[in-house]
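Visitor: Sharing a structure, written as structure tokens. Questions coming.
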Amino acid sequence: MVWNLRGARQRLRNALLETTYRLPHHECLKPFVVELAEDVMRALEIENEDNAVVCLRIIIELHKNYRSSTASAPSSLEVQVRRPPPRGPAVGHVPGSSRE
């Protein structure tokens, strides 16, 4: 999928992620930490590079500030990091060519 980096939807998604990143980390957010981490992990899988970086910053901050809340949740970040990347065409391979 090709992302329009200057499109309105892209800017909106980026603004929402940046706002989420800047949420104050105190007791009011604690009940929502696990759900927020799961949602950000799902966003990490589908977002472009710029938004994925913000997603990673959010996940890191949640783990730093709410270690006890996120420790019981399955480590989806670890699963995501260990998952092999999707296989695309070989580098230098031209579709339709008959190389053996």
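Visitor: Is it the case that the range 28-47 has a residue that's in a loop (DSSP other than H, G, I, E, B), modelled with pLDDT of 90 or more and surrounded by fewer than 16 Cβ atoms within 10 Å (Cβ to Cβ)?
Guide: Within the range 28-47, none of the residues are in a loop (DSSP other than H, G, I, E, B), modelled with pLDDT of 90 or more and surrounded by fewer than 16 Cβ atoms within 10 Å (Cβ to Cβ).
Visitor: In the range 1-27, what residues are in a loop (DSSP other than H, G, I, E, B) and in contact (Cβ under 8 Å) with a residue 12 or more places away in the chain?
Guide: Passing the criteria: W3, L5, H25.
Visitor: Just one of the numbered conditions (1) crowded, with 16+ Cβ neighbours inside 10 Å; (2) of a type in the set (G, A, S); (3) over 11 Å from the mean Cα position of the chain (by Cα) is not true of G7; which one?
Guide: Evaluating G7 over (1) crowded, with 16+ Cβ neighbours inside 10 Å; (2) of a type in the set (G, A, S); (3) over 11 Å from the mean Cα position of the chain (by Cα) leaves (1) as the failure.
Visitor: I've got another one for you. Suppose we keep only residues that are closer than 19 Å to R22 by Cα and of a type in the set (D, E, K, R) within the range 50-88. Which one would you say is modelled with the lowest pLDDT?
Guide: Applying the filter and picking the extreme gives R67.
The values are calculated or read from the model by the stated rules, or taken from the named source; none is laboratory data. Note that this is a predicted model, so its numbers are computed, not measured. Cβ coordinates were reconstructed from backbone atoms using ideal geometry, including for glycine residues, and neighbour counts include every protein chain displayed.
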